[in-house]
Amino acid sequence: MRRPHSLVKSGVQSIICSLRAQLPNSQNHSKRRLGCFASTLLLIGCSQSFHPGPAQLSQEPVIPANTTQLVVVVSENWDASSGQIYQFSRSAGQIWQQSGQIGTVDLGRNGTAWGLGLHPQQNIGPQKQEGDGKAPAGLFHLSAAFGALPSIATQMPYQQMSRFDFCIDVPTSPLYNQTVDVRRYRPEWTAGSSEPMRRDLMTKPDGVYAQGLFIDHNFSDGEARQTGAGSCIFMHLKSPDGRKTAGCTALAPEHLIALLQWLKPKEQPLYLLLPVSEYRRLQQQWQLPTLPISG
């Protein structure tokens with residue numbers, strides 16, 4: 001999903017081994033979604049999945065203490081294709097306070113399913129898979145912004161996209177879940193990807209990627225975590241025709257612009273998406289903010 005900091009491994013061990021010797025020395029020239037951003041989505045590796053057990057996670061809070069900005073989306077249930085978005089901030093050692101506007105967002109056309117992020121692995125409930133049309137539920141880093149213009153009003157690291165930039169959603173590619181300039185890699189590694197990052201330049205233009213944020217699902221340290229567990233998850237603009245997403249979170253233009261202006265990298269911002277039943281179940285354990293939810 002992000003740009004690779006270095007040329008990534010495949011999610012399949014056999015592919016990694018066979019390709020490693022062929023990787024170009026100019027790997028650091030790839031514009032990964034702005035460098036940093038090996039931000040440690042705790043659990044993401046590509047050739048081997050790492051699933052920490054409860055004992056490994058119980059020593060630290062699910063939301064790190066240095067995170068002081070939190071974007072929360074709550075949906076009605078696992079099948080809901082829309083939800084309510086909230087913004088929260090806090091000072092060190094203090095409780096979460098609601099800030100910013102509340103709005104409605106579009107989610108995956110088939111609802112949501114547990115993704116791979118900062119949260120402990122959840123074995124009960126639907127699990128995100130490539131092409132399932134579900135938005136990944138859980139807790140994720142927001143590491144960088146992207147868009148069509150040379151710059152936008154945000155303090156987040158920003159990458160302008162070109163007609164050659166694609167997010168690779170082909171599970172067998174060693175670049176799976178990476179956003180890359182396809183000119184820099186072997187054609188067979190990028191063939192078949194259905195995620196051009198300049199959708200406004202397509203035959204049937206679609207401007208939903210004019211501005212957006214990378215949601216670090218199934219990704220960490222420059223690599224995809226698990227082949228086939230879902231790729232190319234963003235926050236982006238709502239479709240003018242009302243279409244739901246393939247797994248992203250879509251916002252109204254004014255809300256996305258305000259969010260991009262509000263987010264600050266030094267606050268270590270995170271994104272949380274949960275059905276309301278899961279939010280209530282996990283609220284105390286994960287020390288989640290109190291939401292203005294009735295019922």
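Every number in this text was worked out from the coordinates using simple rules, so none of it is lab data. Just so you know, these numbers come straight off a predicted model, no measurement behind them. Because the Cβ atoms are built from the backbone with ideal geometry, glycine has one as well, and the counts that use them run over all protein chains shown.
Quick look at the numbers
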| read-out | value |
| --- | --- |
| Calculated FRET value between MET202 and GLN160, using beta carbons and R₀ = 22 Å, to 0.05 | 0.80 |
| Descending semi-axes in Å of the stretch 129-198, equivalent ellipsoid built from Cα gyration tensor | 22, 19, 10 |
| Distance (nanometres) between label positions extended 7 Å along Cα→Cβ at GLN122 and SER277 | 1.1 |
| Convex hull volume per residue in cubic angstrom - Cα atoms of the stretch 139-278 | 130 |
| Built amide H within the under 5 Å cut-off of ALA113, gap 5+ | ALA135, ALA137 |
| Relative contact order for the stretch 229-276, counting Cα pairs under 8 Å that sit 6 or more residues apart, in percent | 30 |
| Out-of-range pairs (alpha-carbon distance over 20 Å; input LYS238/LYS264; LYS244/LYS264; LYS128/LYS244) | LYS238/LYS264; LYS244/LYS264 |
| Under Karplus coefficients 6.51, -1.76 and 1.60, residue-wise ³J(HN,Hα) of the stretch 82-89 in Hz, glycine/proline x | 8, x, 9, 10, 10, 10, 10, 9 |
| Cα-Cα P(r), the stretch 60-108, percent of pairs per 10 Å interval | 25, 40, 30, 5 |
| Cβ-based exposure ranking for MET235, MET156, in which fewest neighbours within 10 Å come first | MET156, MET235 |
| Sorted by Cβ neighbour density within 10 Å, fewest at the top, the residues TRP286, TRP96 | TRP286, TRP96 |
| Residues ILE63, ILE102, sorted so that the one with the fewest Cβ neighbours within 10 Å comes first | ILE102, ILE63 |
